[in-house]
1. Quick one: is Leu27 of a type outside the set (D, E, K, R), touching a residue at least 60 places away in the same chain (Cβ under 8 Å) and surrounded by 15 or more Cβ atoms within 10 Å (Cβ to Cβ)?
2. Looking at Ala52, is it at negative phi, part of a strand (DSSP E or B) and of a type in the set (Gly, Ala, Ser)?
3. Between a residue in segment 93-112 that is free of Cβ contacts under 8 Å to residues at least 40 places away in the same chain and more than 24 Å from Pro57 (Cα to Cα) and any residue that is among the β-branched types (Val, Ile, Thr) and in a strand (DSSP E or B), which pairs come within a Cβ distance under 7 Å, given they are 6 or more apart or on different chains?
4. Look through segment 28-49, keep the residues that are in a loop (DSSP other than H, G, I, E, B) and in contact with a Leu (Cβ under 8 Å, 6 or more places away or on another chain), and return whichever of them is nearest to Leu7 (Cα to Cα).
5. Looking at (1) without any contact (Cβ under 8 Å) to a residue 24 or more places away in the chain; (2) surrounded by 18 or more Cβ atoms within 10 Å (Cβ to Cβ), which one does Ala85 not meet, given that it meets all the others?
6. Go through segment 102-130 residue by residue and tally those that are under 30 Å from Pro15 (Cα atoms) and acidic (Asp, Glu).
7. Kindly indicate the residue of segment 48-63 that is at pLDDT 90 or above and within 23 Å of Leu117 (Cβ to Cβ) and also surrounded by the most Cβ atoms within 10 Å (Cβ to Cβ) among those meeting that condition.
8. Is it true that Ala19 is of a type outside the set (Val, Ile, Thr), touching a residue at least 12 places away in the same chain (Cβ under 8 Å), out of contact with any strand residue (DSSP E or B) (no Cβ under 6 Å at 6 or more places or on another chain) and surrounded by fewer than 18 Cβ atoms within 10 Å (Cβ to Cβ)?
Amino acid sequence: MTPVGRLHHVVYDTPDPMASARFWAELLGLPVTYASADWVVVAADAQHSGMAFQLAPDHQPPVWGDPARPQQVHHDVMVDDVAAAESLVEALGGRRLLSPDPTGSVWADPAGHPFCLIPRPSWAPPVAGE
């Protein structure tokens, strides 16, 4: 199959691009590779695509489980140890969300974007070793 294009950035609206970028940079262990007043990028380096955060002063965050304000997009973040990761996410400013699955670990970043912490699949190398 011949691709039409290649994923560049996944872009999120946020009232504070730098705060959102710092949260995700710390969570994923990646640097902020570009920053302006209204656009901040987190990626492996300046020559890689990643996550971008754009200023949206009137941003209304999704409300987990509310079809009137759906999640829009979310990340599954693989971790070696879900319980250990939860305390680190909370320390970074993440907020736990209620999950319909009682074993799920659903969180929101400081701007309200939902994401899930998932146990690292057996086929993936350890996260801590990266």
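The values are calculated or read from the model by the stated rules, or taken from the named source; none is laboratory data. A quick note: this is a predicted structure, and the numbers were derived from the prediction, not measured. Counting neighbours? That spans all protein chains shown, and the Cβs are built from the backbone with ideal geometry, glycine included.
1. Taking the combined requirement at face value, the residue satisfies it.
2. yes
3. Going by the 7 Å Cβ cut-off, the qualifying pairs are Ser99/Val106.
4. Ser49
5. Failed condition: (1).
6. Total meeting the criteria: 1.
7. Phe53
8. yes
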